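Every read-out reported here was derived from the displayed coordinates using simple, explicitly stated rules and does not represent laboratory data. Worth saying up front: this structure is predicted, and the values here are computed from it rather than measured. We place every Cβ from the backbone using ideal geometry, glycine too, and count neighbours over all the protein chains shown.
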Amino acid sequence: MIAKYKKNQFIVNLIFILLFVAISGHFIANFLVPYFDKNPISYDYINDRYVTFNKYGNKVFESEILERNNYDLIKNNFYADKRIIIEDINDDGIKEILYLNTSNLDNIKKRSIYCYQPSNHLMWSYTMPEKNLFYKNQGENFTDNSMIIAISIISDLNTRFKKILYYGNYNDYFPYNIGLLDCNGKFISEFINSGHTGKISIFDIDNDGKDEIIASGQNNLKIFNCACFIIFDPEFLSGVSPETNPFGDNRIGLEKYYILLPRTVVLENANLLTGNESSKMPRNEASSILNRQKSNTLVSSRETNDTPSPSILYYFDDKMNLTDIDADDYFEIAYNQLLEKKIIPDITLDEYLNTLKEKILWWDGEQFENKPVLNKFYLEAKSKSK
């Protein structure tokens, strides 16, 4: 009888132990672990704040209240994932939160990047310094009115840390700034372009085994006034665009490639097609860079302000040789309308596209060539660094 009681008691005790372990495990897995997990993986914009969440959906970070214009930038398709970034930039196993707070009221906030730990501790902030600039087109000096528009992350080839790529403008119309910080928010270098180049892509464009930074947009110097795209080796992102001297010190650019894309007849006559002056852009714009496949990069150039915009499609290999040129359907329609109205010479679209091939220009460091060339100053700097 006693033996049977002890056996039953053992079973009861075992059941209680198993229940305790199961309940404890459930509590730990479903309450404690989610509560103490401070590693953010996602974010939302709630009540004018950036809010980040861990993988269990629990809130782990909440920013200060932001001005309403940040919402508009967050909802912009291109900048949606470039206003706030969640990334382990210093290889400590915890993802940091980097964000921008564009302000119409605070000149410091709109030119700053903030880096927080999930605990809401501010690790660092970086503010672009004010500079006196000279704009060749305007022929006058001015103090900048800068703001940082977007940020991206790029790997540091020499360490396990990450670099922060930021881009914005020093003034409403000139110039555009692309800069690099280290993982501690320390300034590394910057490149200044005459004209907006805010469409940034990061991929290995020339199959050299490491990513390049590709900036696309416009060059607004009157002698060019056209679409452009720029390719950087992240180790040599510095200097200024061709024929530009905003700081008065004649510094040179160390970009790998600087390529100008020609203006088109659709760009020049857009208002005549629509009867609307707002259709006409002051210059075309390299609006997207796509790494379609190995040794094949597509650059699209917008030619009007309309949506959708007629565009020219340029295809380059990994040495930046032009391999093909095409027009999208909207450009073809616009071109045929110009032909019908006898606004342009009577040549086929294919013949016209061939004329554009001869007008593409590559910067060699001292002058533009109508053939693919690397910037000689980039090659010199790279050679000296070995």
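All other residues with a Cβ under 11 Å from the Cβ of ARG160 taken together, and with Lys, Arg as +1 and Asp, Glu as -1, what is their net charge?
-3
Assuming a ≥ b ≥ c are the square roots of the Cα gyration tensor eigenvalues, decide whether the stretch 207-262 counts as rounded (a/c under 1.5), prolate (otherwise, with a/b larger than b/c) or oblate.
oblate
Once you put a point 7 Å from the Cα of LYS342 and another 7 Å from the Cα of LYS384, both along the Cβ direction, what distance in nm separates them?
6.0
Can you tell me which lysines have their Cα less than 22 Å from the Cα of LYS186? Leave out same-chain residues fewer than eight positions away.
LYS82, LYS95, LYS109, LYS110, LYS131, LYS162, LYS163
Within 10 Å of each residue's Cβ, count the other Cβ atoms and sort LEU374, LEU105 from fewest upward.
LEU105, LEU374
For the chain, give the magnitude of the charge dipole about the Cα centre (Cβ charges: +1 Lys/Arg, -1 Asp/Glu; no others), in debye to the nearest 20.
1700
What does the charge count around ASP182 come to, taking other residues whose C-beta lies under 10 Å from its C-beta (Lys +1, Arg +1, Asp -1, Glu -1)?
Surrounding charge for ASP182 is +2.
To the nearest 500 deg cm²/dmol, what mean residue ellipticity at 222 nm is calculated for the chain from DSSP H runs of n ≥ 4 alone, each contributing -39,500 (n - 2.57), summed and divided by the residues?
It lands at -6000 deg cm²/dmol.
How far is helix 329-340 tilted, in degrees, relative to the longest principal axis of the Cα atoms in the chain, given as a value from 0 to 90 rounded to the nearest 10?
Relative to the chain, helix 329-340 is tipped by roughly 20 degrees.
With the dipole of the stretch 41-82 worked out from charges on the C-beta (+1 for Lys and Arg, -1 for Asp and Glu) around the Cα centre, which of ILE41, ASN76, THR52 lies farthest toward the positive end?
ILE41
Compute the signed sum of charges (Lys and Arg +1, Asp and Glu -1) over the other residues within less than 14 Å, Cβ to Cβ, of GLY275.
Overall, the nearby charge balance is 0.
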